[in-house]
Amino acid sequence: MTKLAQWLWGLALLGSTWAALTMGPTLGLELPLTCREVLWPLPAYLLVTVGCFALGTVGYRVATFHDCEDAALELQTQIQEARADLVRKGLLF
Amino acid sequence: MASVGVSRSLPRSRRDPEERGSRRDKFSVLLPTYNERENLPLIVWLLVKSFTESGFNYEIIIIDDGSPDGTREVAEQLENIFGSDKILLRPREKKLGLGTAYIHGMKHATGNYIIIMDADLSHHPKFIPEFIRKQKEGNFDIVSGTRYKGNGGVYGWDLKRKIISRGANFITQVLLRPGASDLTGSFRLYRKEVLQKLIEKCVSKGYVFQMEMIVRARQLNYTIGEVPISFVDRVYGESKLGGNEIVSFLKGLLTLFATT
């Protein structure tokens with residue numbers, strides 16, 4: 001099964017559960033009014049939550065993205081060393 | 001009886017079978033180049049230094065795609081300096097894809113492990129011994145360098161570049177769940193036969209090629225180990241990340257999403 005198919009299955013499962021519950025009264029399923037009021041906008045809440053989670057995660061990872069200053073410095077020193085050694089070994093740059 | 005005598009005279013190799021095993025291993029580094037005459041001598045010097053210090057058996061295969069800047073002449077000089085058993089030149093006439101460069105290089109590789117990396121100094125050879133240790137530790141089929149974990153990181157990226165990189169990585173992780181944290185990186189160690197198999201299967205180009213390699217690896221149930229690396233963006237020359245790259249990345253991502 002492709003990743004796309006997995007996603008479609010998951011969404012279909014969630015969607016149909018939600019639809020069945022909100023359509024409850026017409027199917028003879030009696031849910032308390034408060035439940036139905038919460039249930040109706042649930043997909044929108046879910047979408048907002050997922051969006052916030054995604055933004056939060058990416059934001060956090062950008063903020064904590066490690067800047068390798070020392071690696072760059074080390075490389076610069078080694079480049080000098082390499083050049084000197086290569087010239088000594090007879091390389092014409 | 002004779003074997004007892006031998007192992008007594010070589011106590012070290014008996015005590016340390018793992019090290020003895022790694023002595024037999026050979027690591028072929030594939031360096032595809034295009035206009036890298038500034039960087040090539042430096043990366044080769046760093047590779048030789050790293051392998052000399054760690055003592056692993058190695059060879060460096062330079063695949064130059066007909067660079068007009070004289071990369072090939074510099075490579076020939078390097079071959080003379082370091083010896084043609086260590087530096088192998090396998091140039092091609094003109095610029096062809098990265099995947100075919102690996103195939104071309106692998107045909108001439110005598111190692112049982114292949115290391116692929118960029119020749120522009122953004123990947124430092126000092127990490128290679130860590131890759132090898134990691135591979136031994138978990139007997140992995142692939143060891144991938146990662147900028148996104150542990151002490152890994154980048155140098156020379158502005159905020160925009162970081163956001164794009166992290167954002168793209170997040171979306172990829174969510175959609176593909178590939179089991180590796182850095183999909184677009186190209187600093188990796190492969191078992192030779194694994195890389196051969198993967199290249200046969202991969203069709204995409206550019207950033208997506210590296211991503212597809214990992215995704216196919218997961219499909220074929222290969223194991224992947226990860227080593228944090230620092231990525232120092234090109235010291236010499238320009239590094240590009242334009243709108244075109246982003247669009248082709250997204251296209252590739254969606255293709256993999258729908259087909260794997």
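The table below lists the values:
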read-out: Only one of B:210, B:196 that is away from chain A (no Cβ under 14 Å) and either closer than 30 Å to residue A:77 by Cβ or among the hydrophobic types (A, V, I, L, M, F, W, C) (or both); value: B:210
read-out: Every residue from the range B:149-193 that is charged (D, E, K, R), buried (at least 16 other Cβ atoms within 10 Å of the Cβ) and out of contact with any strand residue (DSSP E or B) (no Cβ under 9 Å at 6 or more places or on another chain); value: B:166
read-out: Residue that is least open to solvent (accessible area, probe 1.4 Å) [pool: residues in the range B:202-212 that are part of a helix (DSSP H, G or I) and touching an Asp or Glu at 6+ places or on another chain (Cβ under 8 Å)]; value: B:206
read-out: Residue among B:246, B:224 that is in contact (Cβ under 8 Å) with a residue 60 or more places away in the chain and over 28 Å from residue B:109 (Cβ atoms); value: B:246
read-out: Selection count where residues are in a helix (DSSP H, G or I), open to solvent by 20 Å² or more (accessible area, probe 1.4 Å) and either touching a residue at least 24 places away in the same chain (Cβ under 8 Å) or on the phi > 0 side of the Ramachandran plot (or both), scope the range B:82-125; value: 4
read-out: Residue that is part of a helix (DSSP H, G or I), acidic (Asp, Glu) and at pLDDT below 95, where the choices are B:79, B:36, B:53, B:19; value: B:19
read-out: Any hit, the range A:13-29, residues being outside any loop (DSSP other than H, G, I, E, B), at the interface with chain B (Cβ under 10 Å from one of its Cβ atoms) and open to solvent by 30 Å² or more (accessible area, probe 1.4 Å); value: no
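The values are calculated or read from the model by the stated rules, or taken from the named source; none is laboratory data. Computed from a prediction, not measured in an experiment: that's the story for all the values here. Heads up, the Cβs are rebuilt from the backbone with ideal geometry, glycines too, and the neighbour counts pull from every protein chain shown. With ligands, DNA and RNA removed, areas are computed over all heavy atoms of the protein, side chains included. Shrake-Rupley method; radii C 1.70, N 1.55, O 1.52, S 1.80 Å.
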